[in-house]
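For reference, the structure discussed in these notes is given below.
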There are 2 protein chains.
Amino acid sequence: MNAVANKNLSRIQREKRSKIQKAALEVFSEYGLRSATLDKIATACGLTKPNILYYYSSKDQIYFEVLNGLLDEWVAPLHKISKEGEPIDELLGYMKAKLKMSKQKPKESKLFANEILHGAPLMQNILATSLRQTLDEKVAVIDHWVSEGKLANVSGYHLFFSIWAMTQHYADFDVQVKAILDKNEDELFQEAEEYLTNLLLRMLSFPTELTVSTKSS
Amino acid sequence: MNAVANKNLSRIQREKRSKIQKAALEVFSEYGLRSATLDKIATACGLTKPNILYYYSSKDQIYFEVLNGLLDEWVAPLHKISKEGEPIDELLGYMKAKLKMSKQKPKESKLFANEILHGAPLMQNILATSLRQTLDEKVAVIDHWVSEGKLANVSGYHLFFSIWAMTQHYADFDVQVKAILDKNEDELFQEAEEYLTNLLLRMLSFPTELTVSTKSS
DNA sequence: TAAATTTTTGACCAAATGGACAATTATTCT
DNA sequence: AGAATAATTGTCCATTTGGTCAAAAATTTA
């Protein structure tokens with residue numbers, strides 16, 4: 001229900017807009033809205049500045065479009081958490097999906113991180129309504145699981161915060177991670193997944209169940 | 001061993017420089033280096049732009065000074081981790097110190113977050129040498145504790161990454177946190193500390209020890 | 001193919017911004 | 001007090017940047 005604007009566009013328009021958005025993601029994720037320039041975006045997509053402004057009315061417009069175009073995809077894994085599923089599997093799956101996004105879409109991650117870091121001027125509304133509502137629902141599911149004794153007693157909200165923080169850390173702060181750990185990316189994310197799997201298992205299981213899943217290396 | 005430059009400064013110089021740095025932290029943490037302006041800093045500290053440039057040779061110079069002036073303080077809690085102490089206490093203490101900094105120094109946290117998010121142009125060197133060395137040492141301590149059976153088997157590096165990520169999340173992404181959880185700050189950080197204490201206890205303890213520290217609400 | 005429409009671009013503009021500088025004011029020193 | 005020094009500021013400048021616009025080029029339509 002997102003990319004509505006693509007309806008009556010010619011081939012050439014669709015192509016150019018897509019090109020611009022890709023380049024814009026590149027530039028915005030590296031520099032942020034305010035210090036990204038139209039010239040940089042223009043260079044990145046091989047168009048001229050006025051040509052870009054023929055397709056988008058302003059820099060802010062491009063930024064808004066890019067951000068919004070990615071939003072649904074960004075929140076998608078959250079929707080996949082099913083109250084019908086096995087609690088720990090669902091939450092491990094969510095963590096893995098988020099970690100995968102950090103690996104495969106670091107630019108998107110940085111774009112959102114930068115936006116929120118600077119006060120989320122364009123998204124505060126969405127955060128406080130749409131995201132919040134979805135999260136409330138999922139937290140209710142977690143509370144239900146806890147009350148059924150299927151999950152150790154945890155705060156759903158803080159659980160989500162920590163999953164977001166830990167998974168996105170590998171994308172947003174990759175410079176720091178790589179300065180400290182000079183592994184290749186595959187190895188790094190493999191380690192991260194093992195670490196976070198272990199962490200969540202310990203966090204969500206009852207101690208008696210834990211002995212089973214704790215493996216000594 | 002940091003604030004060396006304050007040596008031969010007059011009272012008036014020390015005062016003004018301090019004023020400027022405070023205002024600069026304010027502005028840089030909100031806007032980042034590139035989109036912070038000297039005018040904003042000038043307004044924030046009640047000086048004129050040329051007057052600021054009388055004390056610092058350039059905007060970049062101010063940024064560098066602020067960042068460096070905060071670095072030692074920022075890494076300090078890491079140094080306090082003592083191999084003589086009780087492993088879990090030491091690591092819980094570290095987490096609490098970091099969380100406290102997120103609560104009391106969110107601007108500093110955002111400043112560093114922004115710097116690293118955009119590639120750490122001014123700090124990459126420090127990250128890869130000084131921070132990395134310190135962290136290597138502390139990870140060695142953790143490995144030692146693990147080999148002595150005083151700590152569950154965890155990757156020290158990923159443990160630190162996750163502590164950083166989870167604690168700083170409450171400062172760096174406070175807009176998002178507050179959009180979802182409308183508690184007051186004290187309450188929020190109290191909850192976070194309980195959650196993270198529980199998380200670390202579960203992560204670092206052996207399952208048999210866990211039953212003791214797991215309290216049901 | 002010729003007219004109509006869409007796309008592209010070079011040239012230009014106004015505002016914002018980092019910074020220079022000389023002149024003025026305040027402070028310190030003798 | 002008066003000279004010397006330090007601090008402050010108004011004015012100015014060059015560059016960057018978002019954006020305009022009219023003309024040219026390319027494409028589509030009839």
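The values are calculated or read from the model by the stated rules, or taken from the named source; none is laboratory data. Predicted, not measured: the structure shown is a model, and the values here were computed from it. Note that each Cβ is placed from the backbone with ideal geometry, even for glycine, and that neighbours are counted across all protein chains shown. Ligands, DNA and RNA are excluded from the accessible area calculation, which covers all protein heavy atoms including side chains. Shrake-Rupley method; radii C 1.70, N 1.55, O 1.52, S 1.80 Å.
Take the stretch A:137-148 and flag every residue that is without any contact (Cβ under 8 Å) to a residue 12 or more places away in the chain and within 11 Å of another protein chain (Cβ to nearest Cβ).
Matches in the stretch A:137-148: A:V146 only.
Would you point out the residue of the stretch B:41-73, among those that are surrounded by fewer than 18 Cβ atoms within 10 Å (Cβ to Cβ) and within 14 Å of chain A (Cβ to nearest Cβ), that is farthest from DNA strand C (Cβ to nearest atom)?
That would be B:L71.
Looking at B:K16, B:K100, which one is open to solvent by 60 Å² or more (accessible area, probe 1.4 Å) and in a helix (DSSP H, G or I)?
Values: B:K16 fails: open to solvent by 60 Å² or more (accessible area, probe 1.4 Å).
B:K100 is the lone residue from the list that is open to solvent by 60 Å² or more (accessible area, probe 1.4 Å) and in a helix (DSSP H, G or I).
Just checking, how many residues over the stretch A:110-158 are under 17 Å from the mean Cα position of the chain (by Cα) and of a type in the set (D, E)?
Of the residues in the stretch A:110-158, 1 are under 17 Å from the mean Cα position of the chain (by Cα) and of a type in the set (D, E).
Looking at (1) within 14 Å of chain A (Cβ to nearest Cβ); (2) within 14 Å of DNA strand D (Cβ to nearest atom), which one does B:I12 not meet, given that it meets all the others?
Condition (1) is where B:I12 drops out.
Restricting to the stretch A:142-151, what's the tally of residues that are more than 14 Å from A:Y94 (Cα to Cα) and surrounded by 15 or more Cβ atoms within 10 Å (Cβ to Cβ)? It would help to see each step written out before you state the result.
Initial filter on the stretch A:142-151 (more than 14 Å from A:Y94 (Cα to Cα)): A:143-151.
If we keep only those that are surrounded by 15 or more Cβ atoms within 10 Å (Cβ to Cβ) as well, we get A:143, A:145-146, A:151.
Adding up the residues that qualify gives 4.
Which residue pairs have Cβ atoms closer than 7 Å, lie 6 or more positions apart in sequence or on different chains, and pair a first residue in the stretch A:191-208 that is more than 7 Å from chain B (Cβ to nearest Cβ) with a second residue that is at pLDDT below 95?
A:L201/A:S213; A:S205/A:S213
Give B:E15, B:E86, B:E26 a once-over and let me know the one that is within 30 Å of B:K150 (Cα to Cα) and of a type in the set (D, E).
Working: B:E15 fails: within 30 Å of B:K150 (Cα to Cα); B:E26 fails: within 30 Å of B:K150 (Cα to Cα).
Matching residue, one of B:E15, B:E86, B:E26: B:E86.
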